[in-house]
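Enquirer: This is the structure I have questions about; it appears just below.
The values are calculated or read from the model by the stated rules, or taken from the named source; none is laboratory data. All values reported here derive from a predicted model rather than from experimental measurement. Ideal geometry is used to build each Cβ from the backbone, glycine not excepted, and the neighbour counts take in all protein chains shown. Keep in mind that these areas ignore ligands, DNA and RNA; they rest on the heavy atoms of the full protein, side chains included. Shrake-Rupley method; radii C 1.70, N 1.55, O 1.52, S 1.80 Å.
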Amino acid sequence: MTADSTPALVKQADADTEGPAPAGPAAARGPRARNTKAYLRYVAAKILGAIVSLFAVLVTSFFLFRLIPSDPVKQMTGGRRVSAEQLQSLRHQLGLDQPMWKQFTSYVGDALTGDFGTSYQFHAPVMDKIVEALPATLLLTGTAYVLYSALGIWLGTRTAWRNGSTSDRFNTALALTLYSVPSFWLGLLLIIVFSVGIGPIPGMFPTGGLESGNETGLAYVLDVAHHMVLPVITLVAVGYAQTLLVMRSSLLDEMGSDYLTTARAKGLRDDAVRRKHAVPNAMLPTFTLMFVNLGHVVAGQILVETVFSWPGLGGLFYQGLSVPDLPLVQGLFFVFATAVILANTLADVLYPLLDPRVGR
């Protein structure tokens, strides 16, 4: 038998470093169990933060729109001569004559049950109006979201991998220009050029709306698609520019990493290095941006929907502000903020699964 030649001091040092061996139930808990527990604590903290944020939004939505210097009752009468008694009666019906604290407690209590009251101008429950307008917003912004996310990631990858080339300089300059352009201004420009027509360019698309109102079947689908062209182009032009810039910047940061040099040294082709190694790691910031934009899909684009007279949540919010229709704008504001908060929370929850360094 061969004697163990390891010095005793070395053995003792190794034993001190490793620590005592776990016994009992602790022996069954390894790094994976500890990581799972840490991840659950991380998720619980994010969910708690989201709940606090939602309550803060609920409070803010009540007081924010009461700062608007306008009297809803007088706006609803349309400038007609109305006696003081009639105005007081209408304020009583709407609950505007109650003390502010009582209005606030009633609003919070009803909102927690999903009841945001009755719209002043539509005389219908706020949630019914939101549900009615939601499909149009999802159709428009959802279509634009898919297009500009795919286009931004693809172009961002190509421009970064060909950093310094003519195509890189052109695409980056175009993206910076479009990202700085106000979306409503771009929408108005497209209406002037492609709806009204200018010079040799005839008017090819409707100036606004969701449909013509006299089509059915396949003709109806094509008619809606025809109405969607300009607003979708407006949203895609601004959205893809932001995605491209973030993706390009992330990939440029990865391109000098040692693991890419190692992958090339192993004989991998340049396309394989980009597709299998560089892009997945560079996708993490873009992944976060995509979830933020996902929340905006529900929130819609108020100015774009207003410019194109799109019957979605954004246009409904603009109509509510004109009165102001307090129950309507409060309910819409809460829905918009909730969509963004939930999307951000979902991104925070999923991010550690893509990058284990997060949430430790």
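Enquirer: If I model a spin label as a point 7 Å beyond the Cα along the Cα-Cβ vector, how far apart are those points for residue 40 and residue 215 in nm?
Expert: 5.4
Enquirer: Let me understand the range 249-358 better: what is its radius of gyration from the alpha carbons, and its Dmax, in angstrom?
Expert: 20.8, 67
Enquirer: Assuming 0.36 nm per residue, please report the length gained on full extension of the stretch residue 179 to residue 318 beyond their Cα-Cα distance.
Expert: Extending this stretch completely gives an extra 47.7 nm.
Enquirer: Compare the Cα positions of 262, 200, 285 along the charge dipole of the range 180-285 (+1 at Cβ of Lys, Arg; -1 at Cβ of Asp, Glu; about the Cα centre) and return the one farthest towards the positive end.
Expert: So the residue we want is 262.
Enquirer: Could you run the Karplus curve 6.51 cos²θ - 1.76 cosθ + 1.60 with θ = phi - 60° over the range 253-269 and give me ³J(HN,Hα) per residue in whole Hz, x for Gly and Pro?
Expert: 5, 7, 5, x, 6, 5, 5, 6, 4, 5, 5, 5, 5, 7, x, 5, 5
Enquirer: May I ask you to give the average projected area over all directions of the convex hull of the Cα atoms of the range 111-245, in nm² rounded to one decimal? Spell out each step's value before the answer.
Expert: Values: hull surface 50.0 nm².
Quarter of the Cα hull surface area: 12.5 nm².
Enquirer: Between residue 192 and residue 292, 0.36 nm times their residue separation minus their Cα-Cα distance comes to what?
Expert: Answer, rounded to one decimal: 32.9 nm.
Enquirer: Now a separate question. What is the percent carbon and sulfur in the accessible area of the range 131-190, measuring with a 1.4 Å probe over the protein chains and ignoring ligands?
Expert: Working: 2300 of 3150 Å².
For the range 131-190, the apolar C and S fraction of the accessible surface comes to 73 percent.
Enquirer: Let me ask you something else. Using a simple spin-label model with points 7 Å from Cα along the Cα→Cβ vector, what separation in nm is obtained for residue 229 and residue 253?
Expert: 4.0
Enquirer: Based only on Cα atoms, what mean projected area does the convex hull of the range 129-205 have, in nm²?
Expert: Averaged projected hull area, Cα only: 7.4 nm².
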